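The values are calculated or read from the model by the stated rules, or taken from the named source; none is laboratory data. Since the structure is predicted, the reported quantities are computational estimates derived from the model, not experimental observations. Here the Cβ positions follow ideal geometry from the backbone for every residue, glycine too, while neighbour counts run over all protein chains shown. Protein only, heavy atoms only, side chains kept; ligands, DNA and RNA dropped before computing areas. Shrake-Rupley method; radii C 1.70, N 1.55, O 1.52, S 1.80 Å.
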Amino acid sequence: MTAIALLGDVMLGRGVAEALGSTAPADLWDPELRGLLRDCDAVVCNLECCVATRGSPTGRIAGKPFFFRSPPVGVESLRAIGATAVGLANNHALDFETDALLETLEHLGEAGIEACGAGRDAESARVGIVVAAGGLRLGMVAASDHPIEFAAGPASPGIAYAHLSRGAPSWLRDELARLDQEADRVLAFLHWGPNMTLRPERWQRRLADELLAAGADAVAGHSAHVFHGVALRSGGPVLHDLGDAL
């Protein structure tokens, strides 16, 4: 049986970044959890920070309270759990602007960790990936419904933004259909909804069904920082919010 681990928000900035100055990257994780993840065939998480030395705090969002950046060694904490792929479509990918986002992609690539949900332009941000998961091919596409200020443009770096409460945009449905032809299992990985909610919104439940119908075998979300449980739909499992991992 193939085992795929899905983790919610992994934030390696602020106090975690400080800890990396005196703690081995692997030791950020509980040894039992680390061992469990290492035994999986694939590990996917939402990387809710940049991994960079370049860049400066963004001024795109007035009054933005939090800016998350990890030193390059932070990527070793992802390698320590056997991270296969990360989603970058979230509200912290551009905390230190485009230079830091592009450096993040460089560090992940050098570590052999695939990424989706952000890129040098809208086309590359929206394209999904296919990774090995034991004997299976896992397809994954990531999108975020906030902030629009971080959206990638036709020729500018950023995240795969979509106004998800209005339904799945055509590019997301098309990408799920493409991945459905290229992979054995397809994951829709979404950063959606506000923080600290206790249950999914009705529009999230509707959208999950839409994505399953479009080609996803599972839908997993994050953003609330609170676990929202699992719905076993006819098209596949829906994890409305995975909560926080680190």
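Points worth noting:
- Computed over neighbours whose Cβ is under 13 Å from that of residue 242, the net charge equals -4, Lys and Arg +1, Asp and Glu -1.
- From most to least packed by mean Cβ count within 10 Å, the peptides 9-15, 47-53, 115-121 give 47-53, 115-121, 9-15.
- Ranked by solvent-accessible area (1.4 Å probe, protein heavy atoms only, all chains present), the residues 199, 60, 79 order from largest to smallest as 199, 79, 60.
- At 0.890 mPa s and 25 °C, Stokes diffusion of region 42-134 via Kirkwood alpha-carbon radius, µm² per second: 183 µm²/s
- Overall size of the chain from C-alpha positions, given as principal axis extents largest first: 47, 41, 34 Å.
- Across the accessible surface of the chain, with the other protein chains kept in place and a 1.4 Å probe, carbon and sulfur atoms take up 50 percent.
- Considering only beta bridges that DSSP places wholly inside the chain, some 30 percent are antiparallel.
- For region 158-207, Kirkwood radius (reciprocal of mean inverse C-alpha pair distance, Å): 12.5 Å
- Charged-residue dipole, Cβ positions (Lys, Arg, Asp, Glu), region 87-154 about Cα centre, Debye nearest 20: 420 debye
- Where only DSSP H runs of four or more residues are counted, the chain gives -7500 deg cm²/dmol as its mean residue ellipticity at 222 nm, each run worth -39500 (n - 2.57).
- Each residue of region 59-69 was assigned a 3J(HN,Hα) from its phi angle through the Karplus curve 6.51 cos²θ - 1.76 cosθ + 1.60 (θ = phi - 60°); the sequence is x, 5, 10, 4, x, 4, x, 10, 10, 10, 9 Hz, with glycine and proline shown as x.
- Peptide ranges 28-37, 104-113 listed from the most packed, as the mean C-beta count within 10 angstrom indicates: 104-113, 28-37
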